[in-house]
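Coordinate-derived values only; no laboratory data. Everything numeric here is computed off the predicted structure, so don't read it as measured data. As a convention, Cβ positions derive from the backbone with ideal geometry for all residues, glycine included, and neighbour counts pool all protein chains shown.
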Amino acid sequence: MAYPFVRRGLTKGFCDLDWTLLLDKPVDPADLATTQRIAAKIYAAKFAEPGKTNIFGSMTSSHSLVHDIGGQDDTNANTTRRILLLLESYVPACRDAYDRVRRHILHRYVEDDYGLSFGSGQKIVPRFLLNDLSRYWRTVTVDFVHKQRADAIPGAHRQPRKPRRSREPGSWRCSYQPSFRAGAPD
């Protein structure tokens, strides 16, 4: 998967490409070699290596994206990957695993939010998902401030700044239309 700037055709003028290899299958030692081949092709195309946080430029297991929503195992990196997968990712090849993982993540957000099924208010808001969107925005903001501070240090690693508009809450879009029916996703 590639993230927002490829999807919107904004790679021109930027020297990095945020990407991850989404794995939705049993563990296979060959996955590392596949990830390394993808990375080599991306870097051969003159894109810079991803940042030091290792959120991008590696492989991502669907299991942590789906099963670690909330709780202590849901790291900022995991939340970032999951929210970007839902809202801003682009798949240049086979979409089967991608579509399946998206359905399962959305199923977790809806089915685990009992307020959606049993709430008495007129407006039904998936608060579980809303909480993760807020958490993601907080993470992006704190990371931005941290990078600004690092830029003030002479000789520090400097990442090019990307357009602010892409990750502002007002630009979030999700094509999910919940049916609120019982049962697992397709």
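The set of residues in segment 36-60 that are under 18 Å from Asn78 (Cα atoms) and surrounded by 13 or more Cβ atoms within 10 Å (Cβ to Cβ) comprises Pro50, Gly51, Ile55, Phe56, Gly57, Ser58, Met59, Thr60.
Does segment 47-67 hold any residues that are farther than 19 Å from Lys147 by Cα and either of a type in the set (Val, Ile, Thr) or in a helix (DSSP H, G or I) (or both), and which are they? Selection gives Thr60, Ser62, His63, Ser64, Leu65, Val66, His67.
Here's the yes/no breakdown for (1) more than 14 Å from the chain's Cα centre (by Cα); (2) at positive phi; (3) in contact (Cβ under 8 Å) with a residue 60 or more places away in the chain:
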| site | (1), (2), (3) |
| --- | --- |
| Thr79 | no, no, yes |
| Leu84 | no, no, yes |
| Tyr98 | no, no, yes |
| Ser120 | yes, no, no |
| Leu129 | no, no, no |
| Asp132 | no, no, yes |
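For segment 75-117, a residue qualifies if it is farther than 18 Å from His63 by Cβ and buried (at least 21 other Cβ atoms within 10 Å of the Cβ), and exactly one does: Glu88.
Residue by residue, here is whether (1) part of a helix (DSSP H, G or I); (2) touching a helix residue (DSSP H, G or I) at 6+ places or on another chain (Cβ under 9 Å) holds:
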residue	(1), (2)
Thr35	yes, no
Ile42	yes, no
Ile69	no, yes
Cys94	no, no
Arg103	yes, no
Ser117	yes, yes
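Of all residues in segment 23-36, those that are within 22 Å of His67 (Cα to Cα) have Cβ atoms under 7 Å from Cβ atoms of residues that are outside any loop (DSSP other than H, G, I, E, B) and β-branched (Val, Ile, Thr), 6 or more apart or on another chain, in Leu23/Thr60; Asp24/Val101. For segment 119-144, a residue qualifies if it is β-branched (Val, Ile, Thr) and either assigned to a helix (DSSP H, G or I) or loosely packed, with under 13 Cβ neighbours inside 10 Å (or both), and the qualifying residues are Val125, Thr139, Val140, Thr141, Val142.
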